[in-house]
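Novice: Pasting in a structure now, in structure tokens, and then I'll have a few things to ask.
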Amino acid sequence: MFRKAIVRGVLAVAVLCCAVVAQAADVFNMGPGLTSLEMVPVGDPGNAGEGSGDSYGGWGPDHICGVVNYNYQIGKYEVTAGQYTEFLNHKATVTDTYGLYNTKMADELWNNLGCNIQRSGGGTVGNPYSYTVPSDWANRPVNYVSFWDAARFANWLNNGQGDGNTETGAYTLNGYNGNDGRSITRNLGAKWFLPSEDEWYKAAYYKGGGTNAGYWDYPTKSNTAPSNVGADGYIDPGNHANYWNGSNFTIGSPYYRTNVGEFENSASAYGTYDQGGNVWEYNETYLPEASGIGSSRGMRGGYLYGGSDQLAASFCCYNEDPTTESWAFGFRVAGVPEPGTMALLAGVALTALLCWWRKRA
């Protein structure tokens, strides 16, 4: 009887831990759907890499890409305007010390192509800034973010959202907002971060299922360039992305960017969406050989006004200045969230208990 009670107790703890893990995917508590910052696991640690860049039929500095020797998670979708609005409403209200908001975000028309995040208020204690985004824009990718904005968003996630600070966590920034920052790299023990180029590349192109599975040419599980036909509500037959095909946009005015995950049958092998098209995505990798000026950070995936060649695995892009904020730039996050450890501990506890029971029986 006593042993049964212990087993029931440990099972309850394990179930609770698993529930916490499931809950943790929705870091904004926004309810189910695309605004919940869902993550997908990327396994097959120790996988082989492949060449990318100029010498491999593409563009940009040559690298062997995609080698990752550990399990991790990556955002199923790009960070959305709705998620970034939540961030702004916690960290850019009385003042916006680090310039997390760009006023061009508010102008969604062709001259700026912002993501329609609107700001009101005066930025004072008595009249703080407040940020809103219309519901038909909330699930489209945020843009006009710099590399440092994206790093601060990752720090904020590390520190529990809400009033969590933006200056330490994944990256030690301590107010830095300059155009170099080559010494700023991911901190040991970071739970949320911007993916490295290898982490981003593997999630987009690796076929999975082993350590020598090989790579797709495009992040839609295809060696054929995706079609750009379709828009909001389009029934996707597969292998589609949002980019310019030389004569037509995937979706026109006023949006130009599709809702994240709009092409529901065009995921990567690991289940990510829009790693090709929509907006260029920052990665944290410092690429000193890219520009020769010592400040370049990697970017991947192409964007809505680029050709299909920019979606390919061989196209290695970079941004020379991490302070740049453009309508074409966005990001997604990666991580090894702490709740995953809880599930592991629950499993270890259950295994240990069952072993103890067998010994006692």
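Novice: Here are some residues: VAL142, VAL94, VAL125. Which one is of a type in the set (Val, Ile, Thr) and either buried (at least 23 other Cβ atoms within 10 Å of the Cβ) or under 25 Å from TRP327 (Cβ atoms) (or both)?
Specialist: VAL142
Novice: Which residue out of ASN174, ASN158, ASN139, ASN143 is closer than 30 Å to GLY53 by Cα and either at pLDDT 95 or above or touching a strand residue (DSSP E or B) at 6+ places or on another chain (Cβ under 9 Å) (or both)?
Specialist: ASN143
For (1) at pLDDT below 95; (2) among the charged types (D, E, K, R); (3) within 30 Å of GLY169 (Cβ to Cβ), each residue gets a yes or a no:
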position: PHE193; (1), (2), (3): no, no, yes
position: TRP216; (1), (2), (3): no, no, no
position: ALA225; (1), (2), (3): no, no, no
position: GLY261; (1), (2), (3): yes, no, yes
position: ASN265; (1), (2), (3): no, no, no
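Novice: For the list (1) among the hydroxyl-bearing types (Ser, Thr, Tyr); (2) out of contact with any Phe, Trp or Tyr (no Cβ under 6 Å at 6 or more places or on another chain); (3) surrounded by 15 or more Cβ atoms within 10 Å (Cβ to Cβ), I need the number of the one condition that THR166 fails.
Specialist: That leaves (2) as the condition not met.
Novice: Are any of the residues in the range 188-201 free of Cβ contacts under 8 Å to residues at least 60 places away in the same chain and surrounded by fewer than 24 Cβ atoms within 10 Å (Cβ to Cβ)?
Specialist: Yes, there is a match, as at least one residue in the range 188-201 is free of Cβ contacts under 8 Å to residues at least 60 places away in the same chain and surrounded by fewer than 24 Cβ atoms within 10 Å (Cβ to Cβ).
Novice: Which one of TYR84, TYR144, TYR77 is part of a loop (DSSP other than H, G, I, E, B) and under 23 Å from VAL336 (Cα atoms)?
Specialist: TYR77
Novice: Condition first: surrounded by 24 or more Cβ atoms within 10 Å (Cβ to Cβ) and not in a strand (DSSP E or B). Now tell me which residues in the range 202-216 satisfy that.
Specialist: Residues satisfying the conditions are LYS202, ALA203, ALA204, TYR205.
Novice: Further, regarding this structure: So if I check each of ASN102, ASN89, which one is touching a strand residue (DSSP E or B) at 6+ places or on another chain (Cβ under 6 Å), of a type outside the set (A, V, I, L, M, F, W, C) and at negative phi?
Specialist: Every option except ASN89 fails the conditions.
Novice: Restrict the check to the range 258-267 and report whether at least one residue is of a type in the set (Phe, Trp, Tyr), touching an Asp or Glu at 6+ places or on another chain (Cβ under 9 Å) and under 30 Å from THR166 (Cα atoms).
Specialist: no
Novice: Counting only residues that are part of a loop (DSSP other than H, G, I, E, B), closer than 28 Å to ASN278 by Cα and among the aliphatic types (A, V, I, L, M), how many does the range 99-131 have?
Specialist: Total meeting the criteria: 4.
Novice: While we're on this one: Do you know which residues across the range 226-263 are among the β-branched types (Val, Ile, Thr) and either surrounded by 17 or more Cβ atoms within 10 Å (Cβ to Cβ) or out of contact with any His (no Cβ under 8 Å at 6 or more places or on another chain) (or both)?
Specialist: ILE235, THR250, ILE251, THR258, VAL260
Novice: Let me ask something else. Filter the range 38-67 down to the residues that are surrounded by fewer than 22 Cβ atoms within 10 Å (Cβ to Cβ) and either of a type in the set (A, V, I, L, M, F, W, C) or closer than 19 Å to SER146 by Cβ (or both) and list them by number.
Specialist: Residues satisfying the conditions are VAL40, ALA48, TRP59, ILE64, VAL67.
Novice: Taking the condition of being charged (D, E, K, R) and surrounded by 14 or more Cβ atoms within 10 Å (Cβ to Cβ), how many residues in the range 152-163 meet it?
Specialist: Qualifying residue count, the range 152-163: 1.
Novice: For the structure I just gave you, tell me whether ALA154 is assigned to a helix (DSSP H, G or I), among the small types (Gly, Ala, Ser) and more than 28 Å from GLY252 (Cα to Cα).
Specialist: The answer is yes for ALA154.
Novice: Restricting the search to the range 35-64, which residues are of a type in the set (Asp, Glu) and within 30 Å of TYR84 (Cα to Cα)?
Specialist: Result: GLU38, single match.
Novice: Pull up the range 284-327, narrow it to residues that are in a helix (DSSP H, G or I) and at pLDDT 95 or above, then point me to the one that is nearest to SER268 (Cα to Cα).
Specialist: Step by step, filter the range 284-327, then rank; the result is LEU311.
Novice: Of everything in the range 27-52 that's modelled with pLDDT of 95 or more and not in a strand (DSSP E or B), which residue is nearest to GLU78 (Cα to Cα)?
Specialist: GLY43
Novice: Can you tell me which of (1) closer than 20 Å to TYR77 by Cα; (2) over 19 Å from the mean Cα position of the chain (by Cα); (3) not charged (D, E, K, R) is the one LEU287 doesn't meet?
Specialist: Of (1) closer than 20 Å to TYR77 by Cα; (2) over 19 Å from the mean Cα position of the chain (by Cα); (3) not charged (D, E, K, R), only one is false for LEU287: (1).
The values are calculated or read from the model by the stated rules, or taken from the named source; none is laboratory data. Bear in mind that the values here come from a model prediction, so they are computed numbers and not experimental data. We place every Cβ from the backbone using ideal geometry, glycine too, and count neighbours over all the protein chains shown.
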